[in-house]
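Heads up: the structure comes next, in structure tokens.
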Ligand SMILES: CC(C)(COP(=O)(O)OP(=O)(O)OC[C@H]1O[C@@H](n2cnc3c(N)ncnc32)[C@H](O)[C@@H]1OP(=O)(O)O)[C@@H](O)C(=O)NCCC(=O)NCCS
């Protein structure tokens, strides 16, 4: 599904991010006694640490099977997605400054919800005191760009003038902490994005978005109802690099741009080695490449918007940014942004 409406582009007027305070280092996983080492994780996936909404002691108890997620939930020891969005929301509003307007629509894209019903966007909006249309559009790790694609369509068609996107991810709640091949990869985090169609809005203009899926691969990365995260790591790694490269080339080509025209490139924060492989194939230099996977692991759909938010103050008028993400589904998506 594609569209190209570079005129009348909505503008991201503010972004914010949040990471919970519990830090899990690679040494922590080595000490969990699951057959991994800090050296393996650093060398093979380039992640040094990640955050979790859980207490480190609760992770140890989960690993030993001495407590369940349900116990933790009953004891009120799990931060809600609404609570995770408070700081990103405050930061995004502050960055938007005078351009801030109450959103007409709030879209949440997340992988580990608090609620089956209602839509988590309603719970987030209520927590933040928003009275607006609120609904979820979930697409695993691709959620942010899929949300941007939907928001852009609503804004450019005149169905809303202001929109907010919330990506709050808690993969740590669905990890099997005995499974070395997955539990070392993920971290929790959240991001908020404000979009406006107001004349003269400053920020990141959303020039183009592309969203694509291959549903035949829906079982390659999965969290079954009530179960743990699982993936076909090698197959997904190949898919992730191939599709990141392909969709980046596609969004560049259809906007008559080359790699050298792009100031910053941000991809899905799954694994640093995969990011380097994609950058090498695309010809992006280290100066063009922005990432946070080394400090925060794979934050699902919150990773790419968190990288944008972390670098918000670095962007200069005229800069062009490509964001390319991949995710379960299988899905892949890209956005072309320009600082205005
Ligand atoms: C999961 C992943 C990190 C594994 O890295 P890899 O270099 O491909 O490693 P392999 O899967 O080939 O496994 C090699 C060995 O390392 C082992 N291994 C996996 N994780 C390990 C860990 N944390 N510590 C030590 N050994 C580990 C495997 O068990 C395997 O051992 P074996 O040969 O005895 O069976 C990697 O495949 C990956 O990142 N895949 C893509 C994930 C992704 O993009 N997900 C996003 C979905 S949206």
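No value in this document is a laboratory result; all are computed from the given coordinates. Just so it is clear, the model here is predicted, and its values are computed rather than measured. Don't worry about glycine lacking a Cβ; one is built from the backbone with ideal geometry, like all the others, and counts go over all protein chains shown.
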**Prompt:** Which whole-number percentage describes the relative contact order of the chain, with Cα contacts under 8 Å and a sequence gap of 6 or more?
**Reply:** 26 percent
**Asked** Using Cα atoms only, what is the angle between the long axis of helix 143-156 and the major principal axis of the chain, expressed in degrees (0 to 90) to the nearest 10?
**Response** 20 degrees
**Complete:** Expressed in angstrom and rounded, the centroid-to-centroid distance over alpha carbons for segment 29-89 and segment 200-221 is 28 Å
**Message:** Could you tell me the center-to-center distance, by alpha carbons, between segment 316-340 and segment 261-312 in angstrom?
**Reply:** 10 Å
**Prompt:** When ranked by the protection proxy of mean other Cβ atoms within 10 Å per residue, highest first, what sequence do the peptides 162-170, 212-220, 248-256 form?
**Reply:** 162-170, 248-256, 212-220
**Message:** Rounded, prolate or oblate for the chain? Axes are the square roots of the Cα gyration tensor eigenvalues, ordered a ≥ b ≥ c, and the cut-off for rounded is a/c under 1.5.
**Reply:** oblate
**Prompt:** Nearest-5 percent of antiparallel DSSP beta bridges in segment 11-196?
**Reply:** 70 percent
**Fill in**
Rounded to the nearest 10 degrees, the helix 272-282 long axis (Cα) sits at an angle to the longest Cα principal axis of the chain of 30 degrees
**Message:** Going 7 Å from the Cα of residue 176 along its beta-carbon direction, which residues of segment 202-234 have the amide nitrogen within less than 17 Å of the resulting point?
**Reply:** 219-234
**Request:** State the antiparallel share, in %, of DSSP beta bridges confined to the chain, rounding to the nearest 5.
**Result:** 75 percent
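Starting with the highest mean, order 202-209, 68-75, 189-196, 89-96 by the number of other Cβ atoms within 10 Å, averaged over the residues of each peptide. Could the numbers behind the result be given before it?
On the way: 202-209: 22.8, 68-75: 12.1, 189-196: 28.9, 89-96: 19.6.
Most protected by this proxy first, the peptides run 189-196, 202-209, 89-96, 68-75.
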**Message:** Highest mean first, how do 29-41, 142-154 rank when packing is the count of other Cβ atoms within 10 Å averaged over residues?
**Reply:** 142-154, 29-41
**Fill in**
For the chain, longest principal axis from Cα atoms; helix 81-96 axis from its Cα atoms; angle between them, nearest 10 degrees, is 30 degrees
**Message:** Looking only at segment 100-242, where both bridge partners belong to it, what percent of the DSSP beta bridges are antiparallel (to the nearest 5)?
**Reply:** 55 percent
**Message:** If each DSSP helix of 4+ residues adds -39,500 (n - 2.57) and the sum is divided by the residues in the chain, what number results at 222 nm, nearest 500 deg cm²/dmol?
**Reply:** -10000 deg cm²/dmol
